[in-house]
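Enquirer: Below is a structure I'd like to ask you about.
The values are calculated or read from the model by the stated rules, or taken from the named source; none is laboratory data. For clarity, every value in this text was computed on a predicted model and none was experimentally measured. No Cβ is skipped: glycine too gets one built from the backbone with ideal geometry, and neighbour counts run over all protein chains shown.
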Amino acid sequence: MSIQFVQPSFLWFLGFLAVPVIIHLFNFRRFRKILFTNVRFLKELKEETQSQSKLKHLLVLLSRLLAITCIVLAFAQPFIPKNKNQAVSGQNVVSIYVDNSYSMNLQGDDGSLLDEAKNKTRSIISAYPASTKFQLLTNEFKGEQQRALGIEEAMELTDKIKITSSSRSAEEVFIRQNDFFKQDQGENHTAFWMSDFQKNYFGQPFSGKDSSLQLNLVSLSTTSPSNVYVDSCWLNTPVVQLNVPAELSIKVVNDSKDAVEVPVKFYLNKTQKAVATVKVNAESEAVTTLNFTVSQPGWQQAMVSIDDNPVTFDDSYYLTFRIASKISVYHIGSSKNIYVSKLFENNDMINYSFALQSAVDFSQLRQANTVVLTDLKDLSSGMSQELTQFVKQGGTLMIFPDSMINPGGYSALAQQLNLEDYLAINGNEEKIGRLDFENNLFKNMFEKIDDNMNLPSVKLHYDLNNRLQSGSMKLMQLQSGGAFLNLIHSGAGKVYQFTSPAQTSAGGFVVHALFAPVLFKIALQSIPSVQPSFIAGKNDAYKLNVANTGDAVFHLINSDLKKDIIPDVKSSAGETVVMFHSLDDAGIYKLLLRDSTIAEIALNYDRAESAMKFCNDNDLMSIYNTSAFKSVDIIREKTSVFEKKLNEYNRGVPLWKYFVIAGLVFLLAETLLLKYYKV
């Protein structure tokens, strides 16, 4: 153990030790000469007095030397370093990370964990010299947090820290702090992490290294609360229809050590529609389903909620979906196909229109949800280009070829949409042998799936070239293995490619019971799908299939939260992306453009924050290895003793107080010697 000094230059003042030595070497007292007749007794007295005087002078000298030494050493601020890497001089650069995620709302010994973190942050800032450069980092990772701060500004920003929906991993925090240290080339780099150290974020493998960094993990303790929360929700019905029962699945997680029964409430457009009681075993999860119907078209706002304390931020889950009032089907053919037209034109949900190949209205085509091609022998290059753009932007295309097509006439469209080319016509009659029941097209279409289903026969069909790059899926397959119906995803849209004409001369499909539900469901699924929910701080981009909106301004509005935010917008050819990373509060937001509702966005908090499991000291020391840093220390002290502990971590154990006391003791000893030691 060695002693070091904060101000070693004060040791030069030890030269003043020569002053009392000089004073004691030279006797400045004047003596009077007195004549006595008999000096025998005086001689004996003189010898005794000189001996006592010499001892007194030596003791006074020693007291003065020790007093001066102690006072000089006190001004030099001696300390015992906590470790051999302790810095005592040079420019200090300190980065303080304050975890302000939702778990920091929990109560600790000194109020909420966030309040405790802020108090300790102020203590850290106060403990450093005025020349110190600070970084104050929170989970928002704002650009302004990468600049150096002085003491006053750091204090002001500490007061402004609030809870946010964002959470950060240890890797993300380290990278951000490391970037800051690279900007400021100070000699002494110190990082503080103020957190409850949830295992989901700080208990994962860590690869960060910096041999010049002193890392201090300030662990804010709380009892691990029992937490029951709504983890996620999803619609089991691919397309929700008006007045048709739909099904919603809800996952509830129990993070406590006891089994619970939780009432789960479902609200649709702020009206409670259903309630169910879910039993969840200890440290387990359960999925329940609720049924509901929708009576009005348009955007639908849904919310699932439970009641659970003390952690409440994850008790509600929001989602949105849209029900179109009408599905637009645009039918193009050499003549009006009776089977297709009868299916669609008499349906209240379908807005059906037909156009001859020679009289296509391309503006109407672009506005459609589904385009159906029947009995076309050839496709012009202009038609192929329009259909390609329609599919790429999210439209659905159904193709029924004519019985005598020009294969080359379809090749341009096949190449642009990555379809399989029609080859020669095949006149061998066979039955459809298999349906892909796993695909959404056939889900919930049959009450019972029978291996001996009566499937239609096919008299004429085209063989396909089985292009490897097409990525096509055989939804309906012939007994011979050939395709009857292929699904191809292209851009944002889909192509349903039939290999047989929509005529009775080509087979019995158009008069079979499968024909109507297959075509109707294809049209139903052509409604643009919307993402039902988003996670705050993660997936924060909403894509719109609209061109550049010019100078028009988007607004995100939540009337319940009284929020009106102008989001960032990025536009490219035929697509607009709305960014809403500035949103922190969960809820449903209306996306408005020129006072019209373009979409409704459901935002939820990240459920990774809901797992109330925290790292202990052993976990932290095993993850944040001391060999990767200059030093790693874990601090768990309460705020009341935190400053004292902080000084020990900064400067080791200070000794100056002891030297001041010792100096005063020696000065007192000198006074007592002079006053009471009689010679």
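Enquirer: Looking for whichever is in a helix (DSSP H, G or I) and over 27 Å from residue 230 (Cα atoms) here; the options are 339, 330. Which one fits?
Expert: Checking each option against the conditions leaves just 339.
Enquirer: Would you pick out the residues in segment 92-111 that are over 22 Å from the mean Cα position of the chain (by Cα) and buried (at least 17 other Cβ atoms within 10 Å of the Cβ)?
Expert: Answer for segment 92-111, where residues must be over 22 Å from the mean Cα position of the chain (by Cα) and buried (at least 17 other Cβ atoms within 10 Å of the Cβ): 92, 93, 94, 108.
Every residue, every condition in (1) farther than 26 Å from residue 236 by Cβ; (2) within 37 Å of the chain's Cα centre (by Cα); (3) in the same structural domain as residue 272 (by TED's automatic domain parsing), yes or no:
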residue: 322; (1), (2), (3): no, yes, no
residue: 333; (1), (2), (3): yes, no, no
residue: 344; (1), (2), (3): yes, no, no
residue: 347; (1), (2), (3): no, no, no
residue: 353; (1), (2), (3): yes, no, no
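Enquirer: Looking at segment 463-474, can you tell me whether even one residue there is under 30 Å from residue 236 (Cβ atoms) and hydrophobic (A, V, I, L, M, F, W, C)?
Expert: Yes, that holds for at least one residue.
Enquirer: Tell me, which residue of segment 427-466 that is basic (Lys, Arg) and more than 17 Å from residue 494 (Cβ to Cβ) is surrounded by the fewest Cβ atoms within 10 Å (Cβ to Cβ)?
Expert: So the residue we want is 448.
Enquirer: While we're here: Read through the list (1) touching a Gly at 6+ places or on another chain (Cβ under 7 Å); (2) in a loop (DSSP other than H, G, I, E, B), then give the number of the only condition that residue 445 fails.
Expert: (1)
Enquirer: What about residue 553, is it hydrophobic (A, V, I, L, M, F, W, C) and either within 26 Å of residue 420 (Cα to Cα) or in contact with a Ser or Thr (Cβ under 9 Å, 6 or more places away or on another chain) (or both)?
Expert: Taking the combined requirement at face value, the residue does not satisfy it.
Enquirer: Turning to a different aspect of this structure: Answer with yes or no whether residue 46 is part of a helix (DSSP H, G or I) and modelled with pLDDT under 65.
Expert: The answer is yes for residue 46.
Enquirer: Select from segment 271-294 the residues that are basic (Lys, Arg) and either more than 24 Å from residue 240 (Cα to Cα) or not in a strand (DSSP E or B) (or both) and list them in ascending order.
Expert: Selection gives 279 alone.
Enquirer: Would you be able to tell me the number of residues in segment 281-303 that are closer than 16 Å to residue 233 by Cα, surrounded by 15 or more Cβ atoms within 10 Å (Cβ to Cβ) and β-branched (Val, Ile, Thr)?
Expert: So the answer is 1.
Enquirer: Grab the strands (runs of 3 or more DSSP E) fully contained in segment 510-626, keeping just those with 2 or more residues being surrounded by 16 or more Cβ atoms within 10 Å (Cβ to Cβ) and modelled with pLDDT under 90.
Expert: 541-544, 575-579
Enquirer: If you scan segment 242-268, which residues turn out to be part of a loop (DSSP other than H, G, I, E, B) and exposed (fewer than 14 other Cβ atoms within 10 Å of the Cβ)?
Expert: 243, 244, 245, 257, 258, 259 - these are the residues of segment 242-268 that are part of a loop (DSSP other than H, G, I, E, B) and exposed (fewer than 14 other Cβ atoms within 10 Å of the Cβ).
Enquirer: So how many residues does segment 447-460 have that are farther than 18 Å from residue 511 by Cα and hydrophobic (A, V, I, L, M, F, W, C)?
Expert: 1
Enquirer: Return the residues of segment 651-670 that are buried (at least 16 other Cβ atoms within 10 Å of the Cβ) and either closer than 29 Å to residue 631 by Cβ or touching a Gly at 6+ places or on another chain (Cβ under 6 Å) (or both); say none if nothing qualifies.
Expert: Across segment 651-670, the qualifying residues are 651, 652, 654, 655, 656, 659.
Enquirer: When only residues in segment 635-679 that are outside any helix (DSSP H, G or I) and under 26 Å from residue 107 (Cβ atoms) count, which is modelled with the highest pLDDT?
Expert: So the residue we want is 635.
Enquirer: Give the residue that is nearest to residue 391 (Cα to Cα), with candidates limited to residues of segment 411-441 that are touching a helix residue (DSSP H, G or I) at 6+ places or on another chain (Cβ under 7 Å) and touching a residue at least 60 places away in the same chain (Cβ under 8 Å).
Expert: Out of the qualifying residues, it is 417.
Enquirer: Take the conditions within 17 Å of residue 312 (Cα to Cα), surrounded by 13 or more Cβ atoms within 10 Å (Cβ to Cβ), more than 27 Å from the chain's Cα centre (by Cα) and among the β-branched types (Val, Ile, Thr) and apply them to residue 239. Does it pass?
Expert: Spelling it out, it is not the case that residue 239 is within 17 Å of residue 312 (Cα to Cα), surrounded by 13 or more Cβ atoms within 10 Å (Cβ to Cβ), more than 27 Å from the chain's Cα centre (by Cα) and among the β-branched types (Val, Ile, Thr).
Enquirer: Kindly indicate the residue of segment 488-502 that is at negative phi and in contact with a helix residue (DSSP H, G or I) (Cβ under 7 Å, 6 or more places away or on another chain) and also surrounded by the fewest Cβ atoms within 10 Å (Cβ to Cβ) among those meeting that condition.
Expert: So, considering only residues that are at negative phi and in contact with a helix residue (DSSP H, G or I) (Cβ under 7 Å, 6 or more places away or on another chain), the one surrounded by the fewest Cβ atoms within 10 Å (Cβ to Cβ) is 492.
Enquirer: Restricting to segment 1-19, and then to whatever is under 59 Å from the mean Cα position of the chain (by Cα) and surrounded by fewer than 14 Cβ atoms within 10 Å (Cβ to Cβ), can you tell me which residue is modelled with the highest pLDDT?
Expert: 12
Enquirer: Looking at segment 250-307 only, could you name the residues that are without any contact (Cβ under 8 Å) to a residue 24 or more places away in the chain and among the polar types (S, T, N, Q)?
Expert: Those that are without any contact (Cβ under 8 Å) to a residue 24 or more places away in the chain and among the polar types (S, T, N, Q): 271, 272, 277.
Enquirer: A further question follows. In the set 93, 173, 60, which member is of a type in the set (Val, Ile, Thr) and under 30 Å from residue 539 (Cβ atoms)?
Expert: Being of a type in the set (Val, Ile, Thr) and under 30 Å from residue 539 (Cβ atoms) holds for just one of 93, 173, 60, which is 173.
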